[in-house]
Amino acid sequence: MTTPFVSVLIDTYNHERFIEEAIQSVLTQDFPASQREILVVDDGSTDRTPEILAKFASQIRILRKPNGGQASAFNHGIPECRGEIIAFLDGDDWWAPGKLTKIAEVFAKDAEVGLVGHAVTQVFLNGRQHSELLREASRFKITSVENAKVFRMRKSFLGTSRMAYRNDILRKIGPVPEGLTFEADEYLFTLAGFFADVVILRESYCFYRLHGGNLFQLSNASDEGVRKKQKVMAILAKALNAKLKELGIARDITKTIVECAQTEADLLRLMVDGGFPWETVRAELKIMRVLHSDASFAQHLFSCARLLPACVMPARSYYRWRHRISGLEFYKRLRQKLLPFPVPTHVEREERPASGASHSL
């Protein structure tokens, strides 16, 4: 079994607080340095990021470009990668030890595998960690509606710092639409599943940092931020639909894949621009069907009850009311005690408080 040559592609923009840890997490991997290269695409940073990158100039290739967002960074960096495997890392995340060795083993053992993902650990500002783990490793290729449903329930394990591809799969996919200033990773990992097998490892091999600069954390976002997210999700849905049509993918499979992004775009539009009550109800019921199909009867009943005000309230007013209610401490405690948010049956959650102790959920 020959160890494949790996290109590590790091995209960064104004990550002066984080980029050094990201690079160090790659340099300290137990993987032969002679078998990997590290490329960093600096997407026009205006802080100290270029200065920090310069410290690693003998160990990395720095590709600097004007700011254009995630898709343009990927499009700039991918053609420069020489490796058989390309592993991605966001400049504000970091990898766990053993990541490169593990994914290289998977690729080396099976030529049919074109994309490898894995579980992820979210790290909060106070040091608390939350891990989303698969109960067992998963493998699929999107050749049917059933496999498309498997994909959309597991795609959270394929985000930027989790995904590694065979180089030739990315060449087949082609450039990422540059309107995807974020969510470019979803465009790539969605299409990869049509070209090759996808393997998702149970273990967590990356740490996803939650901070004020995360582009798609919307819990405290302004209307402008939500509109930006809505625009990107609409572009993603349109781009995937067009590409799958170009590839000759069956309409029912295409619908199953695209409706996640399209429904999220519809919900975000209703949140900031408003809409008729029936639009809210339709969009919320679709989200329940698509993302929470294995929730308990009680959880479905609660979701329907929470949706009753939407039958008479304008969409924007409904979402503002729901946001206020969900922020109340008594509601949070009641929800956690009586009806916790549903955990998909294929997922195991683990919490690690800032003190370091852990427990599973």
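Just checking, how many residues over region 16-53 are open to solvent by less than 60 Å² (accessible area, probe 1.4 Å) and either under 22 Å from HIS76 (Cα atoms) or not hydroxyl-bearing (Ser, Thr, Tyr) (or both)?
Final tally of qualifying residues: 24.
Yes/no matrix, rows are residues, columns are (1) in contact (Cβ under 8 Å) with a residue 60 or more places away in the chain; (2) of a type in the set (A, V, I, L, M); (3) part of a helix (DSSP H, G or I); (4) over 25 Å from ALA71 (Cβ atoms):
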{"site": "GLY193", "(1), (2), (3), (4)": "yes, no, yes, no"}
{"site": "GLU203", "(1), (2), (3), (4)": "yes, no, no, yes"}
{"site": "HIS211", "(1), (2), (3), (4)": "yes, no, no, no"}
{"site": "LYS245", "(1), (2), (3), (4)": "no, no, yes, no"}
{"site": "GLU259", "(1), (2), (3), (4)": "no, no, yes, no"}
{"site": "VAL272", "(1), (2), (3), (4)": "no, yes, yes, no"}
{"site": "VAL281", "(1), (2), (3), (4)": "no, yes, yes, yes"}
{"site": "GLU284", "(1), (2), (3), (4)": "no, no, yes, yes"}
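Yes/no per residue for (1) at pLDDT 95 or above; (2) buried (at least 17 other Cβ atoms within 10 Å of the Cβ):
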position	(1), (2)
GLY91	yes, yes
GLY98	yes, no
ILE103	yes, yes
GLY127	no, no
HIS130	no, no
LEU134	no, yes
SER138	no, yes
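Here is a yes/no grid of residues against (1) closer than 18 Å to PRO177 by Cα; (2) of a type outside the set (D, E, K, R); (3) modelled with pLDDT of 85 or more:
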| site | (1), (2), (3) |
| --- | --- |
| LEU210 | no, yes, yes |
| ASN214 | no, yes, no |
| SER222 | no, yes, no |
| GLN230 | yes, yes, yes |
| ILE235 | yes, yes, yes |
| ALA239 | yes, yes, yes |
| GLY248 | no, yes, yes |
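Taking region 20-49 as the region of interest, how many residues are outside any strand (DSSP E or B), within 26 Å of the chain's Cα centre (by Cα) and not acidic (Asp, Glu)? Don't jump to the end; show me each part of the working.
Filtering region 20-49 for residues outside any strand (DSSP E or B) gives 20-35, 43-49.
After this cut, where a residue has to be within 26 Å of the chain's Cα centre (by Cα) as well, the list is 20-31, 43-47, 49.
Filter again for not acidic (Asp, Glu), leaving 22-29, 31, 44-46, 49.
Total satisfying the criteria: 13.
Of all the numbered requirements in (1) without any contact (Cβ under 8 Å) to a residue 60 or more places away in the chain; (2) under 25 Å from GLY275 (Cβ atoms), VAL290 misses one, and that requirement is (1). Which residue, of LEU268, LEU240, is closer than 22 Å to GLY174 by Cα and without any contact (Cβ under 8 Å) to a residue 60 or more places away in the chain? Being closer than 22 Å to GLY174 by Cα and without any contact (Cβ under 8 Å) to a residue 60 or more places away in the chain holds for just one of LEU268, LEU240, which is LEU240.
For (1) at pLDDT below 90; (2) farther than 27 Å from ARG227 by Cβ, each residue gets a yes or a no:
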residue: GLY274; (1), (2): no, no
residue: THR280; (1), (2): no, no
residue: MET288; (1), (2): yes, no
residue: ASP294; (1), (2): yes, yes
residue: GLN299; (1), (2): yes, yes
residue: TYR318; (1), (2): no, no
residue: LEU328; (1), (2): yes, no
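Could you grab me the full set of residues in region 54-89 that are in contact with a strand residue (DSSP E or B) (Cβ under 8 Å, 6 or more places away or on another chain) and open to solvent by 40 Å² or more (accessible area, probe 1.4 Å)? Of everything in region 54-89, those that are in contact with a strand residue (DSSP E or B) (Cβ under 8 Å, 6 or more places away or on another chain) and open to solvent by 40 Å² or more (accessible area, probe 1.4 Å) turn out to be ALA54, GLN59, ARG61, ILE62, ARG64, HIS76, GLU80, ARG82, GLU84.
A single entry from VAL290, VAL258 fulfils the requirement of being open to solvent by less than 30 Å² (accessible area, probe 1.4 Å) and more than 15 Å from MET153 (Cβ to Cβ): VAL258. For region 150-169, taking the residues that are open to solvent by less than 10 Å² (accessible area, probe 1.4 Å) and either among the basic types (Lys, Arg) or in contact (Cβ under 8 Å) with a residue 60 or more places away in the chain (or both), the one that is nearest to ARG135 (Cα to Cα) is identified as PHE151.
When we screen GLU146, GLU224, GLU186 for residues that are acidic (Asp, Glu) and touching a Lys or Arg at 6+ places or on another chain (Cβ under 9 Å), the only hit is GLU186. Residue-level check: of (1) in a loop (DSSP other than H, G, I, E, B); (2) under 16 Å from MET163 (Cα atoms); (3) of a type outside the set (A, V, I, L, M, F, W, C), GLN59 misses just (2).
The values are calculated or read from the model by the stated rules, or taken from the named source; none is laboratory data. Here the structure is a predicted model, which means the values were calculated and not measured. A quick note on method: Cβ atoms are made from the backbone with ideal geometry, for glycine too, and the neighbour counts reach across all protein chains shown. Ligands, DNA and RNA are stripped out before the accessible areas are found, and what is left, the full protein with its side chains, is counted by its heavy atoms. Shrake-Rupley method; radii C 1.70, N 1.55, O 1.52, S 1.80 Å.
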